[in-house]
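One structure is given below, encoded as C-alpha cells.
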Amino acid sequence: MSIDGRQFRNALGHFATGVCVVTAATDGGPVGLTINSFASVSLDPPLVLWSLDRASDRAEAFHIVDRFAINVLPEELRELSVQLAKKGAHAVPDDALEPEEHGIPVLSGALARFVCTVEARYDGGDHVIMVGRVDSFTHVHEGRPLLYYRGAYRTLADQTEG
Ligand SMILES: Cc1cc2nc3c(=O)[nH]c(=O)nc-3n(C[C@H](O)[C@H](O)[C@H](O)COP(=O)(O)O)c2cc1C
C-alpha cells in the first residue's frame, strides 16, 4: 500500500499531545528544539524518548550531545515554542533559561523538566529515536499545558487544575 504523506500527517494529527522543548549545551551555547514526540518509556529504569528529524538543522548538535533536558511547556510559553520551531532558530533566549541543572540548560516556567543522559539512539526512518535515562526531574503542582492537535496549538478547555 502506498502512503499519501499529507494524509498520513493529517491522520497522526488526531493524536493530541503536549508540547516540549528539548534543550542541550553545545559549544555554541544552549540550543533548543520544539517537539511533540516526547513519550515515557520505562519507570525502572527511568527512561523517556523523543524523535529527532534527521533533516533538522539541529540534528547534528543532538547527534553529538550525551545529555539533554526535556522541558514540558505551559500555555504561557507558546511564543517560545513557535520561536524554537523556526528553521535555523536554535539559540534559546537568555531570559528563557534558568541556572543550569547538572550542566544542562533548562527553561524557566516549564511544567516539568527531565534532565537525561542519552541511553540509546535508534534508527527511526527519517527520524532518530532518542532514548534518555532520567538523571533528575522537577515539576510544578499547578499550571496549564500547551497542547498541539491537528496542526495547531491549543489549550485545555477544562478549567480545573490538577
Ligand atoms: C508542535 C511541533 C512539534 C514538533 N515536533 C518535532 C519532533 O518531535 N521532532 C523533531 O525533530 N522536530 C519537531 N518539530 C519541528 C522542529 O521544531 C523544527 O521546526 C524543525 O526541526 C525545523 O527547524 P530546523 O531545521 O532549524 O531544526 C516540531 C514542530 C512543532 C511546531
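Values in this text are rule-based calculations from the coordinates and carry no lab data. Values in this document were obtained by computation on a predicted structure and should not be read as measured data. Virtual Cβ from ideal backbone geometry, glycine too; neighbours counted across all protein chains shown.
If you take the Cα atoms of the range 33-77, find Rg, then find the Kirkwood Rh from the mean of 1/r over all pairs, what is Rg/Rh?
Dividing the radius of gyration by the Kirkwood radius yields 0.99.
Percentage of Cα-Cα pair distances in the range 86-132 greater than 13 Å, rounded to whole percent?
Looking at the range 86-132, the distances longer than 13 Å represent 69 percent of pairs.
Evaluate the Kirkwood expression for the hydrodynamic radius of the range 28-118, namely the inverse of the mean inverse distance over all pairs of different C-alpha atoms, and round to one decimal in Å.
About 13.8 Å for the range 28-118.
Classify the range 109-153 from the C-alpha gyration tensor, please: rounded if a/c falls under 1.5, else prolate or oblate depending on whether a/b exceeds b/c.
Here the range 109-153 falls in the oblate category.
So what are the radius of gyration and Dmax for the Cα set of the range 77-162, in Å?
That works out to 15.2, 40 Å for Rg and Dmax.
Only counting other Cβ atoms within 10 Å, I'd like 70, 104 sorted with the fewest neighbours first.
104, 70
Can you list residues whose amide H is under 5 Å from residue 57's amide H, if they're 5+ apart or on another chain and H is modeled 1.01 Å from N?
Placed amide hydrogens put 88 under 5 Å from residue 57.
For the range 32-38, what does the Karplus curve 6.51 cos²θ - 1.76 cosθ + 1.60, with θ = phi - 60°, yield as ³J(HN,Hα) per residue in whole Hz, taken in order and with x for Gly and Pro?
Each residue's phi maps through the Karplus curve to give x, 9, 6, 9, 10, 8, 4 Hz.
Convert each backbone phi in the range 124-131 into a coupling constant with the Karplus relation 6.51 cos²θ - 1.76 cosθ + 1.60 (shift: θ = phi - 60°), then list the ³J(HN,Hα) values in order as whole Hz, x for Gly and Pro.
Karplus values, whole Hz, x for Gly and Pro: x, x, 7, 10, 10, 7, 9, 9.
Along the Cα-to-Cβ line of residue 122, 7 Å from the Cα, sits a label point; which residues in the range 31-47 have backbone N less than 20 Å from it?
Backbone N within reach: 35-47.
Translational diffusion coefficient, Stokes-Einstein: compute it for the chain using the Kirkwood radius over C-alpha pairs as Rh, at 10 °C and 1.306 mPa s, and state it as an integer in µm² s⁻¹.
Answer, rounded: 97 µm²/s.
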